[in-house]
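The values are calculated or read from the model by the stated rules, or taken from the named source; none is laboratory data. Source: prediction; values computed, not measured. Backbone-built Cβ (ideal geometry, glycine too); neighbour counts: all protein chains shown. Just the protein is used for accessible areas: all its heavy atoms, side chains included, with ligands, DNA and RNA removed. Shrake-Rupley method; radii C 1.70, N 1.55, O 1.52, S 1.80 Å.
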Amino acid sequence: MPFDLLILGGGPAGYVAAIRAAQLGLKTACVEREPALGGTCLRVGCIPSKAMLESSEIFSASRHGLERHGVVLGPVQLDLARMLKRKDDVVGGLTRGIDGLFRKNGVTRLQGHARFTGPGAVTVTSSTGEAQTVTANHILIATGSRPSSLPGIEIDGSLIGTSTEALSYDAVPGHLVVIGAGYIGLELGSVWARLGSKVTVVEYLDRILPGMDREMADEAQKLLSKQGLEFRLGHKVQSARIEDGKAVVRCEGRDPIVADRVLVAVGRTPNTLDLGLDTTGIRLDPRGRIDVDDRFRTSIPGHYAIGDVIRGAMLAHKAEEEGVACVEFIAGKHGHVDYDTIPGVCYTHPEIASVGKTEEQLKESGTPYKKGVFHYRANGRAHALGETDGRAKILSHAETDRILGVHILGARAGDLIAEAVVAMSFHASAEDLARCSHAHPTLAEILKEAALATDGRALHS
Ligand code: NAI
């Protein structure tokens, strides 16, 4: 009997789609080639990096930040092996949790590499070489992405590697060179800087975090520089290779940089190869992503794609929303993804979070806007926490006051941005947000004050 729905890939896009499909009564199977479910995000991405960010932050605070709280420790030591094991335990627990959710919802799990043999038919080959053909009325491709590289960079998976390796270095590198000042470069660069590495971040552009609001990115760069990250902006990396046992990074027109380890974090590429897509006729866009319409339908009926293999931000929560919406469409319901309110969070210290338009985008589109900024240093809770760096910025339409963008740099920004997402999803004005009661003393008051500031009415600055 064919399945109603076969999902290729067990990451946040695929496994969430599988659970929702099963809830909707579809007979669903999910193929994943790795032994653990969860995809890049759970196994070698979001979750292990957040575990390492937390552990390294505790280590760093124990060395430098606790005295001011009146907490005096003796010499603090790093047990890297235990820190890495804790990270692996966090990952293991969560990936096993997805197995449990599959069982609870009656999703069939198939382990192996999935490959199309034609429209509607997929062969799943296990690691021992056994192959089975699976047929389904609907097939959903959610195979994610893999780290990109650049010509001239010789990734050896040891001295020169990607985020996967950088989550598990067995010793703290003396000098880590990070290529790319995006999310991955800044998060993992922060981890190893806190654990004692000299970290040099090499970036092609004249700024960090392309796509984020410029004011926030520039301020974040200052704060990260104070923490010891060295930024070399406007550096175009041409090669990275091993020479005499050391990694050497060469940039156009600059002196070579010698490193103990190199982390290549220059973006990710959709996983569309080795899927047998050519046997189906499924069309790719010019950037090698699967071309889909607004209901995630590919060019071949009955075949869909979501997450990192299609257009849009490569973010786990965007992929999850697409998974739910896509199977709701398949089940004859009305799926919905609001791409204007998908937040982005970079989990450095402090965090950088954002939703909606940046100031640059509003200027470029000629949209008239008001701007309200409120600083952490004017918030009581931030002082109590000892977290006074950063600011929140609300951009609202100059005539309608509708909130168009919210950008937060500061402690717990990743949690605070949720309020902005809700407000924007309900098309709130800055006045609406300003008139909501915010518990005192909380960091959330910073957003209320930023909303008041769009009208020049902030109370505490
Ligand atoms: P990215 O696209 O965020 O940043 C890559 C950086 O590399 C850019 O700043 C780019 O200008 C730079 N670059 C490109 N070529 C270069 C060259 N030749 N020399 C020097 N610099 C060069 O990519 P990243 O950080 O690898 O992340 C990949 C994806 O994973 C992103 O789409 C991101 O959204 C996602 N991600 C999200 C996280 C989160 O939500 N917290 C965490 C980690 C990744």
Cross-link partners of Lys333 among lysines (Cα-Cα below 17 Å; sequence separation of 8 or more within a chain): Lys27
Determine which lysines satisfy two conditions relative to Lys226: a Cα distance under 20 Å, and not lying fewer than 8 residues away in the same chain. Lys198
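For the chain, what is the relative contact order in percent, using Cα pairs closer than 8 Å and at least 6 residues apart in sequence?
Values: 997 pairs, mean separation 65.1, N = 461.
Across the chain, relative contact order equals 14 percent.
Could you do me a favour and compute the accessible area per residue for segment 341-453, 1.4 Å probe, result in Å²?
Values: 4640 Å² over 113 residues.
Averaged over the residues of segment 341-453, the accessible area is 41 Å².
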Given the peptides 3-15, 392-404, arrange them by the average over their residues of other C-beta atoms within 10 Å, most packed first. 3-15, 392-404
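Provide the gained length on full extension for the span Asp88 to Ala398, in nm with one decimal, where the gain is 0.36 nm per separating residue minus the Cα-Cα distance. Let's see the in-between values first.
Numbers: separation 310, 0.36 × 310 = 111.60 nm, distance 4.88 nm.
The span from Asp88 to Ala398 would gain 106.7 nm if fully extended.
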Cβ neighbours within 10 Å, averaged per peptide: list 199-209, 86-96 in order, most packed at the top. 199-209, 86-96
Part-to-part distance (alpha-carbon centres) for segment 32-88 and segment 111-188, which is given in Å: 23
Sequence gap at least 6, Cα distance under 8 Å: using those rules, report the relative contact order of segment 341-453 to the nearest whole percent. 31
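With both bridge residues required to lie in the chain, what share of the DSSP beta bridges run antiparallel, to the nearest 5%? Present the calculation step by step, with values, prior to reporting the outcome.
On the way: 48 of 80 bridges.
So the antiparallel bridges amount to about 60 percent of the total.
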So what J values fall out for segment 214-228 if you push phi through Karplus, 6.51 cos²θ - 1.76 cosθ + 1.60 with θ = phi - 60°, rounded to Hz, Gly and Pro as x? 4, 4, 5, 5, 5, 5, 4, 4, 4, 5, 5, 5, 4, 7, x
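In segment 160-266, what percentage of the DSSP-assigned beta bridges are antiparallel, given to the nearest 5? Working shown, then result.
Working: 9 of 24 bridges.
Of those bridges, close to 40 percent are antiparallel.
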Within segment 395-438, find all residues whose amide N lies under 20 Å from a label point positioned 7 Å from the Cα of Leu233 along Cα-to-beta-carbon. 407-410
For the peptides 173-183, 326-336, 147-157, what is the packing order when you average, over each peptide's residues, the other Cβ atoms within 10 Å and list the highest mean first? 173-183, 326-336, 147-157
Which of the trypsin sites (Lys or Arg not before Pro) across segment 216-276 are loop residues per DSSP, with 14 or fewer other Cβ within 10 Å? Lys236
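As a test of the formula, what do you get for the chain when each DSSP H run with n ≥ 4 contributes -39,500 (n - 2.57) and the sum is divided by the residue count, at 222 nm and rounded to the nearest 500 deg cm²/dmol? Please list the in-between numbers first.
Values: 13 runs with 147 residues, N = 461.
It lands at -9500 deg cm²/dmol.
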Ignoring any ligand, DNA or RNA, what whole percent of the accessible area of the chain comes from carbon and sulfur when the probe is 1.4 angstrom? 51
